[in-house]
1. Filter the range 11-28 down to residues that are near ligand 2 (Cβ under 10 Å from one of its atoms) and basic (Lys, Arg), then give me how many there are.
2. Out of the residues in the range 249-277 that are out of contact with any helix residue (DSSP H, G or I) (no Cβ under 6 Å at 6 or more places or on another chain) and within 16 Å of ligand 2 (Cβ to nearest atom), state the one that is farthest from residue 37 (Cα to Cα).
3. Could you list, ordered by first residue, the pairs with Cβ atoms under 6 Å in which the first is in the range 182-201 and acidic (Asp, Glu) and the second is away from ligand 2 (no atom under 16 Å from the Cβ), at least 6 apart or interchain?
4. Could you tell me how many of the residues in the range 220-245 are away from ligand 1 (no atom under 16 Å from the Cβ) and either free of Cβ contacts under 8 Å to residues at least 12 places away in the same chain or charged (D, E, K, R) (or both)?
5. Restricting attention to the range 184-204, which residues are outside any helix (DSSP H, G or I) and touching a Pro at 6+ places or on another chain (Cβ under 9 Å)?
6. Quick check on my filter: what residues within the range 20-46 are in contact with a Pro (Cβ under 9 Å, 6 or more places away or on another chain) and either surrounded by fewer than 16 Cβ atoms within 10 Å (Cβ to Cβ) or assigned by TED's automatic domain parsing to the domain that holds residue 248 (or both)?
7. Quick one: count up the residues across the range 202-214 that are surrounded by 17 or more Cβ atoms within 10 Å (Cβ to Cβ), free of Cβ contacts under 8 Å to residues at least 60 places away in the same chain and farther than 15 Å from residue 122 by Cα.
8. Under the condition of being at pLDDT 95 or above and assigned to a strand (DSSP E or B), which residue from the range 152-178 is surrounded by the fewest Cβ atoms within 10 Å (Cβ to Cβ)?
Amino acid sequence: IFANVEMAPRDPILGLTEAFKDDTRAEKVNLGVGVYQDDNGKIPLLECVKAAEKARVEAGLPRGYQPIEGAAAYNAAVQNLLFGDDAELVKSGRVITFETLGGTGALKVGGDYLRRLYPEAKLYISDPSWENHRAVFENAGFTVETYAYYDPATRGANFPAMKAALEALPAHSVVVLHACCHNPTGADISESQWGEVVEACRKNDLIPFLDIAYQGFADGPEQDTAAVRMFADSGMQFLVASSFSKNFSLYGERVGALSIVTENKEEAARVLSQVKRVIRTNYSNPPTHGGAVVTAVLNSPELRKQWEGELAAMRQRILDMRHSLVDKLKAAGVEQDFSFITEQRGMFSYTGLTPEHVERMRDEFGIYAVKSGRICLAALNSRNVDYVAKAIATVVSK
Ligand code: PLP
Ligand code: TYF
């Protein structure tokens, strides 16, 4: 049966982690994968999560099936977090939400559904984007192309080019937009520029698909929904893939959501029935635990406050590491100005390190980064930031 099977390529990011695990050097550092680690280099189990899990285990609940779309309380909590407690589109029943297997699951369910709905449409991701965007949407059957986004000269977004690209797309093109903390560049656009993106999507009848995997890692969970809420206020229809992997540190529990904003309640019921069909024929219904924990935290005033505090601490630690790295590069005598690292947002920085630099960092120092020069700042800590700065200083100086 399998004699002619070829070896598939590794995921460019998860493959790095495999190589990192095999490295025997004690001083090794994995700046590849986008996972938050605390100052001890450990993935934290949030205190709010621990409390909610304890209560849940003690309740000794049966393990029945969930509805196809997931738990109603979870989906309502997601809607409140994305659109606000008093959002008109939630009250009017225009938005439907599905509990999915992480943000990736939301992208795939949304992609499968849109592909059925608009089989002729192409799908556009930013240049560059998260590697798995292309893979997931091609796997859903889409032809995936890119829109201009990043400007290596400024290490920021090239907004005029982005806007011109969106304005040139044919009607019903699907446009995947990073709502905050752009992965891989760390370069976000401003709120007024988001206003122009909304307008370009509306004018051209595009299908916006927002991806928010780092809500709370730029300015805060509420502030980071600015782009989502501008689309909500526009009256347009759009999709949102959201994830609790990072902001609840629940990576392996696979907790995400797909929200679809429709024209009205009656339309929402029809779309709901179709997306349920996509899910039923794929994995039937989502798992219970992670979503129940998130719901318990978000719906308890004390645990929610605790979550916001723990999230703020993660956000602040990354920011501190950004500053620390820039300071240490300067102290190591690096002439190039790396201060852009403190301007970029979220977990990542597009450093401008070349594939040769990245290779030398791995070979000579056991420091792993993505070939594109993307590093994950959340993997830096008070013990390894010196070492990383010195390694970067060495490879860029000769
Ligand atoms: N979208 C982007 C841009 C991401 O970086 C990630 C990261 O993992 C995801 C989606 C998916 O997240 P999840 O782990 O919840 O599937
Ligand atoms: O970009 C990252 O590093 C994270 C984690 O197939 C990740 O989003 C990377 C690759 C992948 C799944 C998750």
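1. 0
2. 252
3. 191/226; 196/163
4. Counting residues in the range 220-245 that are away from ligand 1 (no atom under 16 Å from the Cβ) and either free of Cβ contacts under 8 Å to residues at least 12 places away in the same chain or charged (D, E, K, R) (or both) gives 5.
5. 184, 185, 204
6. 38
7. 1
8. Among them, the one singled out is 157.
The values are calculated or read from the model by the stated rules, or taken from the named source; none is laboratory data. Bear in mind that the values here come from a model prediction, so they are computed numbers and not experimental data. FYI the Cβ positions are ideal-geometry reconstructions off the backbone, even for glycines, and counts take in every protein chain you see.
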